[in-house]
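> Starting off with a structure, shown below.
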Amino acid sequence: MKVLILHGWGGSDAPHWQAELACEIARNYGTVSFPLLDNCHFPSKNRWLKQVKQILKEFRPDTVVCHSLANTLWFWLCREKGMTGVERLFMVSPPSLQTKENTIKTFFPCEMPKNIYAKEIHMIVSDNDPWVETEEAQQIASHYHATFTTLHNAGHINADSGYGKWELIEQLVIGEKNDKDL
């Protein structure tokens, strides 16, 4: 298993669930890449595209886990020439495709790409995420035939809303642990 974890605006360092997931993958002898994207507090779509295209080319993940703005980045990547597919894509807390926020304005508006370059897509959102309405997230998930999970009162599903160690995402990405692994 080769997992690429892509953070959103501001990064996802500990105690964020993405940092915890990266540690858990490594602890279970999986191969993980969890890069700090360029200037994460003031991101540029073009710089992030260039950086992640290079990572995809060199690392060749079979699974990609996106949080927040990384989902929008994935949509932009899917419009690039030479994009290759992955087995599984996890989209956690995607922002609205019409987000209006000055610091990340180069990413928006964003259209849904025709091809999302993933065989299996899983989307997880919160019913009170300040960055997207559940209905918009459901429409995106439905368009790509993604499995869709809604968490109750989970905010933006980040460290600020209490998502450090997160067993659900670990089970989905890594799989169930056998008793012999304990």
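> What are the residues in region 18-45 that are closer than 18 Å to Lys165 by Cα, assigned to a helix (DSSP H, G or I) and not hydrophobic (A, V, I, L, M, F, W, C), if any?
Answer for region 18-45, where residues must be closer than 18 Å to Lys165 by Cα, assigned to a helix (DSSP H, G or I) and not hydrophobic (A, V, I, L, M, F, W, C): Gln18, Glu20, Glu24, Arg27.
> Something else about it: Looking only at region 73-100, how many residues end up being crowded, with 22+ Cβ neighbours inside 10 Å and of a type in the set (S, T, N, Q)?
Total meeting the criteria: 1.
> Would you point out which residue out of Lys114, Lys177 is among the charged types (D, E, K, R) and either more than 29 Å from Glu58 (Cβ to Cβ) or at pLDDT below 95 (or both)?
Numbers: Lys114 fails: either more than 29 Å from Glu58 (Cβ to Cβ) or at pLDDT below 95 (or both).
Result of the check over Lys114, Lys177: Lys177.
> For region 51-63, which residues satisfy the criterion of being part of a helix (DSSP H, G or I) and either touching a residue at least 40 places away in the same chain (Cβ under 8 Å) or surrounded by fewer than 13 Cβ atoms within 10 Å (Cβ to Cβ) (or both)?
Scanning region 51-63 gives Val52, Gln54, Ile55, Leu56, Lys57, Glu58, Phe59.
Residues are listed down the side, and each one gets a yes or a no for (1) touching an Asp or Glu at 6+ places or on another chain (Cβ under 7 Å); (2) free of Cβ contacts under 8 Å to residues at least 12 places away in the same chain; (3) under 20 Å from His16 (Cβ atoms):
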position: Ser93; (1), (2), (3): yes, no, yes
position: Ile104; (1), (2), (3): no, no, yes
position: Glu111; (1), (2), (3): no, no, no
position: Tyr163; (1), (2), (3): no, no, yes
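> For Lys2, all conditions in the list (1) buried (at least 17 other Cβ atoms within 10 Å of the Cβ); (2) touching a helix residue (DSSP H, G or I) at 6+ places or on another chain (Cβ under 8 Å) hold save one; what is the number of the exception?
Here Lys2 clears every test but (1).
> More than 20 Å from Phe148 (Cα to Cα) and among the aliphatic types (A, V, I, L, M): which single residue out of Leu97, Leu56 fits that description? First the steps, then the outcome.
Working: Leu97 fails: more than 20 Å from Phe148 (Cα to Cα).
Only one candidate passes the filter, namely Leu56.
> Here is a further query. Looking at region 61-77, which of its residues are among the polar types (S, T, N, Q) and either farther than 15 Å from Lys105 by Cα or out of contact with any Gly (no Cβ under 9 Å at 6 or more places or on another chain) (or both)?
Let us first name the residues in region 61-77 that are among the polar types (S, T, N, Q), namely 63, 68, 71-72.
Within region 61-77, just Thr63 meets the criteria.
> If you don't mind, another one. Does Ile169 meet the test of being more than 14 Å from His67 (Cβ to Cβ) and in contact (Cβ under 8 Å) with a residue 40 or more places away in the chain?
Working: more than 14 Å from His67 (Cβ to Cβ): no; in contact (Cβ under 8 Å) with a residue 40 or more places away in the chain: yes.
Considered against the rule, which asks whether it is more than 14 Å from His67 (Cβ to Cβ) and in contact (Cβ under 8 Å) with a residue 40 or more places away in the chain, Ile169 comes out as no.
> With the structure loaded, tell me whether Trp48 is touching a residue at least 40 places away in the same chain (Cβ under 8 Å) and part of a helix (DSSP H, G or I) or whether it fails that test. Explain how you work it out, then say what you get.
Values: touching a residue at least 40 places away in the same chain (Cβ under 8 Å): no; part of a helix (DSSP H, G or I): yes.
So Trp48 does not fit the description; no.
> Taking region 105-147 as the search range and keeping residues that are among the acidic types (Asp, Glu) and not in a loop (DSSP other than H, G, I, E, B), which one is surrounded by the fewest Cβ atoms within 10 Å (Cβ to Cβ)? Reasoning before the result, please.
Of the residues in region 105-147, the ones among the acidic types (Asp, Glu) are 111, 120, 127, 129, 133, 135-136.
Going one step further and asking which of them are not in a loop (DSSP other than H, G, I, E, B), we end up with 120, 135-136.
Numbers: Glu120: 13, Glu135: 7, Glu136: 15.
That would be Glu135.
The values are calculated or read from the model by the stated rules, or taken from the named source; none is laboratory data. These numbers were taken from a predicted model, which means no experiment stands behind them. In this analysis, Cβ positions are derived from the backbone assuming ideal geometry, glycine residues included, and neighbour counts consider all displayed protein chains.
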